[in-house]
1. So residue 50 passes all but one of these: (1) of a type in the set (Lys, Arg); (2) more than 16 Å from residue 20 (Cβ to Cβ); (3) touching a His at 6+ places or on another chain (Cβ under 9 Å). Which condition number does it fail?
2. Determine which single condition residue 71 fails, assuming it passes every other condition in (1) among the small types (Gly, Ala, Ser); (2) surrounded by 13 or more Cβ atoms within 10 Å (Cβ to Cβ); (3) within 18 Å of residue 14 (Cα to Cα).
3. Considering only residues that are surrounded by fewer than 17 Cβ atoms within 10 Å (Cβ to Cβ) and not aliphatic (A, V, I, L, M), which ones fall in region 104-120?
4. For residues that are of a type in the set (Val, Ile, Thr), in contact with an Asp or Glu (Cβ under 6 Å, 6 or more places away or on another chain) and within 26 Å of residue 101 (Cα to Cα), tally how many sit in region 45-70.
5. Return the only residue of 48, 36 being outside the structural domain of residue 135 (by TED's automatic domain parsing) and surrounded by 14 or more Cβ atoms within 10 Å (Cβ to Cβ).
6. Looking at (1) in contact with a strand residue (DSSP E or B) (Cβ under 8 Å, 6 or more places away or on another chain); (2) loosely packed, with under 13 Cβ neighbours inside 10 Å; (3) outside any helix (DSSP H, G or I), can you tell me which one residue 126 breaks?
7. Does region 89-112 hold any residues that are in contact (Cβ under 8 Å) with a residue 40 or more places away in the chain and either in contact with a Lys or Arg (Cβ under 7 Å, 6 or more places away or on another chain) or aliphatic (A, V, I, L, M) (or both), and which are they?
8. Given the conditions (1) out of contact with any strand residue (DSSP E or B) (no Cβ under 9 Å at 6 or more places or on another chain); (2) of a type in the set (Gly, Ala, Ser); (3) outside the structural domain of residue 32 (by TED's automatic domain parsing), report the number of the one that residue 134 does not fulfil.
Amino acid sequence: MPQRRSRPNASDRPFEGSATGPSLHYVLVPREIPFVNRGRFWSNGRQVRRAPRLVITQDRIQKRVDLWFCGNRWKVLHATSARSVGAAKREAERFYPGLAPHWIDLGVTEVASRRYMERLRREEGCSFCHRAPGEHGVSQILAGTSRICADCVAEFYEELAPHRSAAPRRRTRA
């Protein structure tokens, strides 16, 4: 039986979180644990196969948790959602019988989770409405150090529309 490391090294740790919340728990799936799908989980028209790493992230926007099936370098291959961390772990257990004792808790508190979202809003959010990318659910435009989401662009466009007809038109080259 392979020897289990007592502490994972830095490359074993998953990403800090997503656009909607922090990572809470992860597991490096031991090779001896089988993967059992039986046609229950499909993605992009293909039956999902074994993933070597799983991570549970908190989705603070949709008020749920996400179970992500990841590759060796934490690239998300497939995902599913659950109502709670316990439900996500039970879902993972259906695919990987015997996985339960291998989960690693990242120790994220409610305060740390709120701080994560505040930092996400500050560092990656829209400079106008101050929402994180996952909160407005649409792309952003980056100009210099400012970002603006599509919702704010549409709002400003509507506000400026009455003034556009009175503004002088630019001449275009023929």
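1. Only one criterion in (1) of a type in the set (Lys, Arg); (2) more than 16 Å from residue 20 (Cβ to Cβ); (3) touching a His at 6+ places or on another chain (Cβ under 9 Å) is unmet by residue 50, namely (3).
2. Result: residue 71 passes all but (2).
3. 105, 107, 109, 110, 113, 114, 115, 118, 119
4. Final tally of qualifying residues: 1.
5. 48
6. With (1) in contact with a strand residue (DSSP E or B) (Cβ under 8 Å, 6 or more places away or on another chain); (2) loosely packed, with under 13 Cβ neighbours inside 10 Å; (3) outside any helix (DSSP H, G or I) applied to residue 126, the lone miss is (2).
7. Correct list: 92, 99, 103, 104, 106, 108, 112.
8. (1)
The values are calculated or read from the model by the stated rules, or taken from the named source; none is laboratory data. Note that this is a predicted model, so its numbers are computed, not measured. Cβ coordinates were reconstructed from backbone atoms using ideal geometry, including for glycine residues, and neighbour counts include every protein chain displayed.
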